[in-house]
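Asker: The structure is given below, and queries will be raised subsequently.
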Amino acid sequence: MQRVSKAAGRKAISGDLVFRIVNGLLLGLVALIVLYPLYFVIIASISSPEAVLAGKVVLFPVGVNFDGFRKILERSDIWRGYLNTIIYTVLTVILSLLVTVPAGWALSRKTLPGKKFWMMFFIIPMFFGGGLIPFYNVMSSLKLVNTMWAVILPSILSVWNLFMTKTFFETSIPDGLIEAAKIDGAGQFRVFTSVVLPLSKAIMAVMALYYAVGQWNSYFNAMIFLQDESLYPLQLVLKEILIASESTVGGSGETILEQFRLANQLKYVSVIVSSLPVLCLYPFVQKYFAQGVMIGSLKE
Amino acid sequence: MAALSLKNIQKIYPHSGQSKPRKKKGEPEKKSNLQVTAQGVIAVQAFNLDIADKEFIVLVGPSGCGKSTTLRMVAGLEEISGGELYIDGKLMNDVEPKNRDIAMVFQSYALYPHMTVYENMAFPLKLRKAPKDEIDRRVKEAAAILDITQYLDRKPKALSGGQRQRVAIGRAIVREPKVLLMDEPLSNLDAKLRNQMRAEIIKLRQKINTTFMYVTHDQTEAMTLGDRIVIMKDGWIQQIGTPQEVFDHPANLFVAGFIGMPQMNFFDARLLCEGGKYSVSAGGCTVELSPEKQANLAAKKVPAQDITLGVRPSHMVLSGQHGNTLTAVVEVSELMGSEVHFHANAGGKDVVVIVPTMNADGGRVDSFRSGDKLNLTFSGSVCHIFGQDGKNLEF
């Protein structure tokens with residue numbers, strides 16, 4: 001009897017082992033598919049453009065050089081673009097949190113007067129936009145064209161993010177806690193600032209990341225509304241550099257070829273220059289994604 | 001410290017879009033056992049109660065009887081649909097919870113997870129802008145009463161269930177509220193801790209001068225804690241009285257069955273009235289009622305009729321005689337240490353009989369096994385007589 005159960009146990013262990021191996025292999029493959037393009041961009045940005053074009057750069061950089069980085073970073077407009085983007089991103093994140101979090105909290109309350117109306121108010125523009133020309137006209141009549149607010153203000157409320165925040169409040173902040181605070185003597189505002197906000201670090205971190213990445217990568221509003229080059233965000237400056245390096249006319253055939261190779265390297269370099277800060281930000285926010293903030297508060 | 005007065009309090013939950021009463025042919029409009037009207041589901045109705053200053057009132061009843069809803073209406077967490085609530089003579093129907101000077105302990109503890117125990121307890125005082133040294137003094141006093149001084153720097157997640165509940169009580173008493181509301185505060189604790197905390201609450205009551213309103217579904221808590229008990233069912237008050245009163249004189253079949261452990265035995269019986277003397281007859285056993293019961297029934301001129309007779313398991317007595325007794329067949333016997341609970345069948349009715357394992361002389365009482373016959377009797381003073389409508393005929 002015991003022997004049989006031992007054999008059964010061994011069978012179960014070997015089954016587990018097979019599962020773990022297959023699981024590990026599959027996950028490894030997925031990781032490779034995701035990570036290799038990132039790795040390739042890094043090695044291509046410091047490899048010789050000829051080697052990249054010839055397909056010789058596969059696992060390691062070939063003919064290591066930093067010409068692309070030098071070319072990009074020695075330009076003053078890149079640094080100005082960086083500064084502009086940082087200003088736009090920081091202001092967008094601050095303003096968007098100031099708008100999204102209280103709005104999400106209000107919409108999550110069952111007692112909000114006219115809740116249905118407010119929901120429709122936010123949902124309809126989510127699916128039906130006014131179009132570019134009316135949008136431009138609005139910005140123009142508000143005298144925002146060619147100011148940094150033309151880039152910031154349209155980005156401070158994403159309805160999608162608002163509903164995510166609302167759902168977080170509905171599911172993660174227990175009613176019992178709010179009721180306890182009310183009985184303890186807190187009014188609506190105090191409940192929000194003293195109880196809800198400290199327990200919402202996770203959603204605020206996630207929202208900050210979403211808004212920051214969105215603003216960091218955006219260029220369309222800037223392209224439409226900004227004419228003054230000193231206001232250009234990084235993405236627009238990089239776009240200008242790439243277009244300029246690709247469209248150089250004249251010169252000998254060799255110069256044109258050189259320009260073409262450099263333009264190719266600049267592509268990889270600009271990807272790194274523009275995405276590195278966001279990649280550096282992620283580890284600091286990541287811990288909030290899986291954090292259980294309510295431990296110990298309530299017995300369910 | 002305050003007196004409470006609830007006058008004709010009513011709570012109606014309006015129909016939401018989905019739960020409008022659908023009328024089908026022949027189907028009564030009912031959601032569980034609560035009454036459903038055109039305005040909505042009536043969760044509490046005609047709730048009248050005066051609570052004296054420093055009194056400990058316990059609302060008890062099964063799930064969905066409206067006890068928590070009533071407490072939440074007193075707290076201000078639920079709107080009062082009808083009637084009036086007075087705290088210290090002031091009408092409180094539309095007063096915000098924070099202005100009612102009440103405190104509440106929740107079943108789920110509802111501690112602020114981002115604050116330490118000290119901060120949790122200090123929070124209500126901070127909101128009332130109490131001076132710092134007073135906050136410190138009162139928090140430490142409350143912590144000493146509840147024996148949680150050593151945990152003041154910990155966060156709730158680092159505490160056990162019992163400690164968390166003490167903190168929740170601490171947060172409530174630190175403010176010295178007029179009324180302390182407790183919504184099933186011990187329900188989430190294990191049996192041993194619950195007994196311990198029950199004793200703590202009794203001690204706490206002696207230390208702090210306040211009016212208590214306590215909700216529970218556990219009749220042991222109700223019996224041991226309350227000065228008076230309010231027994232509720234389907235939104236209606238069934239009986240209000242001291243623990244002894246509701247145990248000795250249950251107003252109806254529901255109260256009789258709900259209060260007391262094990263549950264009261266019920267028999268189909270006949271109330272007899274011969275020569276001005278009342279007696280009950282059930283399963284071949286006729287017992288003359290006690291003079292007190294005789295007087296009560298005579299005063300109400302109760303006629304002879306079919307009744308439901310209630311006798312508590314501890315009041316059933318094993319008889320050596322064979323005549324004028326109720327015969328029951330043992331199905332299961334449970335040895336509880338000092339006593340045995342016999343679950344028996346008496347003419348199709350389940351009967352529980354509690355018998356001590358030793359008699360007065362210290363000798364062992366005869367043991368009975370499954371299938372053995374018991375001859376049972378009871379005295380006329382322990383009979384509870386309920387009419388066909390379930391009401392106690394003595395009331």
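A short reminder: the numbers here are calculations on the coordinates, not readings from a lab. The structure presented is a predicted model; accordingly, all values stated were derived computationally and were not measured. Here Cβ is always computed from backbone atoms with ideal geometry, including for glycine, and neighbour counts include all displayed protein chains.
Asker: So, restricting to helices (runs of 4 or more DSSP H) that lie completely within region B:57-160, which ones have at least 1 residues that are touching a residue at least 12 places away in the same chain (Cβ under 8 Å) and basic (Lys, Arg)?
Answerer: B:67-75, B:132-146
Asker: Could you check how many residues of region B:99-120 are farther than 20 Å from residue A:173 by Cα and within 12 Å of another protein chain (Cβ to nearest Cβ)?
Answerer: 5
Asker: For region A:43-146, list the helices (runs of 4 or more DSSP H) that sit wholly inside it and hold at least 1 residues that are under 28 Å from the mean Cα position of the chain (by Cα); which are they?
Answerer: A:67-73, A:76-108, A:115-127, A:132-141
Asker: Quick one: residue B:128 ticks every box in (1) within 32 Å of the chain's Cα centre (by Cα); (2) surrounded by fewer than 17 Cβ atoms within 10 Å (Cβ to Cβ); (3) within 14 Å of another protein chain (Cβ to nearest Cβ) except a single one, so which number is it?
Answerer: For residue B:128, the exception is condition (1).
Asker: Here is a further query. Scan region B:87-124 for residues that are of a type in the set (Val, Ile, Thr), touching a Pro at 6+ places or on another chain (Cβ under 9 Å) and within 11 Å of residue B:74 (Cα to Cα) and report the count.
Answerer: Number of matching residues: 1.
Asker: Let me ask something additional. I'm trying to understand the selection: among the residues of region B:161-180, which are of a type in the set (A, V, I, L, M) and assigned to a helix (DSSP H, G or I)?
Answerer: B:167, B:168, B:169, B:172, B:173
Asker: What are the pairs, 6+ residues apart or on separate chains, where a residue within region A:162-189 that is closer than 17 Å to residue B:110 by Cα and facing another protein chain (nearest Cβ under 7 Å) has its Cβ under 8 Å from a residue that is assigned to a helix (DSSP H, G or I) and among the acidic types (Asp, Glu)?
Answerer: none
Asker: Right, another one. Out of all the residues in region B:181-195, which are in a strand (DSSP E or B) and within 11 Å of chain A (Cβ to nearest Cβ)?
Answerer: Scanning region B:181-195 gives B:181, B:183.
Asker: Hey, can you tell me all the residues within region B:148-178 that are within 12 Å of chain A (Cβ to nearest Cβ), under 26 Å from the mean Cα position of the chain (by Cα) and under 18 Å from residue B:195 (Cα atoms)?
Answerer: B:161, B:162, B:163, B:164, B:165, B:167, B:168
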